[in-house]
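Please read the structure below before turning to the comments.
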Amino acid sequence: MGSMLSDLKNQSKKILANYLYPKYVYIPLASGGDEDITTLVKKGDHVCIGTIIGKRKEPNKISIHSSVSGYVVGFVEKYDYHGKKVRCVKIENDGKDTYLEDLPYQKKINQYTKKEFLETILDTGIVGLGGDAIPTYMKYNTDKKLTTLIVNATECDPYVSSDTVLFMEKCEEILETIDAIVEINHMEEAVIAVSKKNTGLIHKINNYLGTYLNIRMKLVEDHYPIGWERTLVREICHTNYKEIPMEKGIVVNNVATIFAIYEALKYHKPLTERIVTFSGEGFQKQYNVKIKIGTLVKDVVEAMQGYSEENVVLVAGGAMRGKAIASDELVLSPEISCVLALIPTEVKQPLPCISCGKCIMRCPAKLNPILIKDAYQKKNKKLLEQLEVERCMECGLCSYICPTHQNLCEDMIEIKKWWKGGKS
């Protein structure tokens, strides 16, 4: 799968465009799947970039900020990353880019104390930009000794190249931030994981790496899902953990999250922008685009020359772990690193399982999707627990490899939801 991955990435990774002045943004009153948000604005309010418009409740009390300055038009529902409609704050952009307060400037970002570091990344709303949107401060908020920072620059999902483009553009800033995080948190080292085939990025990093004694680069195989957190921890630190890497003193951040931390530490800038890959044969042009959080996919596509065909299938999040979206009225939230437009093909109907075992052999979590599906059909929660369904990473390999076209990944997602609901 490695050569296919590289070819697909090459379609978009050399182009970086900006779409930073949408007429409206739609800020989801949701974060990382959590819709229990306290709303702090009302219709008619004037907001600035950085105005807090909503806040997650305990224990993940992270703020959601306006990404533009302008006026709150009202509240509407739009599609989110998970393919469902969520309540959003609709803001009319005045185009003035007025910040809530003058952004301070920190000459040396390694001078923060651990307490100041945690407060800053919490106040600025930094969340994981690799697809989970977990509040980043939670990964560092511990009295446990943290030893290793792993920076995930593998981008193992086909098509996605937003992190590579960002690292190429902001290499010095990203390395400065990695070094600062290590120093602030009294870690022993940082390891940047990069695909062996990403030679341009490897060369770029090597130009600067010699000045950072606590940072090294680890070249990993170019295959999916090497970028899965558990796989990286095993590959780099030769260890396993039960629930989160913190158990072993390890933190894993992707490149976009590291750069968001840089802007938070350097300028106290809230999370209001990110780079998104727009790729697939369904687009006239394929780009990486810097956007304001809350921008609609529809507006970006119109600005980037539109679709190549009238009917396309939209996927948010990447080819393997992404989710098909019913409409381009999709809000670009922090979780979304990629939007695909694919040409529809004939849908092959699932056939009965032939017990070939391919889904088991290819599962990176060493699970048995067919036995899990069977246990679910029998509503056997005890067996589901024994089969460790909660460890499924939703990578999509079981569906990809299945010769009988079973939608195993979708089944696993639904089964996990059902099993977790039964636990609570």
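The values are calculated or read from the model by the stated rules, or taken from the named source; none is laboratory data. Predicted model only: the values in this text are computed from it and were never measured. So basically every Cβ, Gly included, is an ideal-geometry build from the backbone, and we count neighbours across all protein chains shown.
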Test for Val300: is it surrounded by fewer than 24 Cβ atoms within 10 Å (Cβ to Cβ), out of contact with any Pro (no Cβ under 7 Å at 6 or more places or on another chain) and over 29 Å from Leu175 (Cβ atoms)
yes
Tally, over the stretch 114-157, of residues that are at negative phi and out of contact with any Gly (no Cβ under 7 Å at 6 or more places or on another chain)
27
Go through the residues of the stretch 343-360 one by one and say whether even a single one is part of a strand (DSSP E or B), at negative phi and surrounded by 16 or more Cβ atoms within 10 Å (Cβ to Cβ).
no
Which numbered condition Leu232 fails, given (1) at negative phi; (2) not assigned by TED's automatic domain parsing to the domain that holds Lys170:
(2)
Breaking point among (1) in the same structural domain as Ile250 (by TED's automatic domain parsing); (2) buried (at least 17 other Cβ atoms within 10 Å of the Cβ); (3) of a type outside the set (D, E, K, R), for His186:
(2)
In the list Thr272, Thr277, Thr239, which residue meets the criterion of being touching a Cys at 6+ places or on another chain (Cβ under 8 Å) and β-branched (Val, Ile, Thr)?
Thr277
I'm trying to understand the selection: among the residues of the stretch 233-255, which are in contact with a Lys or Arg (Cβ under 6 Å, 6 or more places away or on another chain) and part of a helix (DSSP H, G or I)?
Ile236
Report yes if some residue within the stretch 45-58 is polar (S, T, N, Q) and surrounded by fewer than 18 Cβ atoms within 10 Å (Cβ to Cβ); otherwise report no.
no
Among (1) in the same structural domain as Gly210 (by TED's automatic domain parsing); (2) surrounded by fewer than 22 Cβ atoms within 10 Å (Cβ to Cβ); (3) among the acidic types (Asp, Glu), where does Glu92 come up short?
(1)
Taking the conditions exactly as written (surrounded by 20 or more Cβ atoms within 10 Å (Cβ to Cβ), in contact with a Leu (Cβ under 9 Å, 6 or more places away or on another chain), of a type in the set (Ser, Thr, Tyr) and not in a helix (DSSP H, G or I)), does Tyr224 satisfy them or not?
yes
Residues of the stretch 141-157 being surrounded by fewer than 20 Cβ atoms within 10 Å (Cβ to Cβ) and either of a type in the set (Ser, Thr, Tyr) or within 28 Å of Val289 (Cα to Cα) (or both), which ones?
Thr142, Thr147
Give the number of residues within the stretch 197-221 that are of a type in the set (S, T, N, Q) and either within 19 Å of Glu394 (Cα to Cα) or part of a loop (DSSP other than H, G, I, E, B) (or both).
3
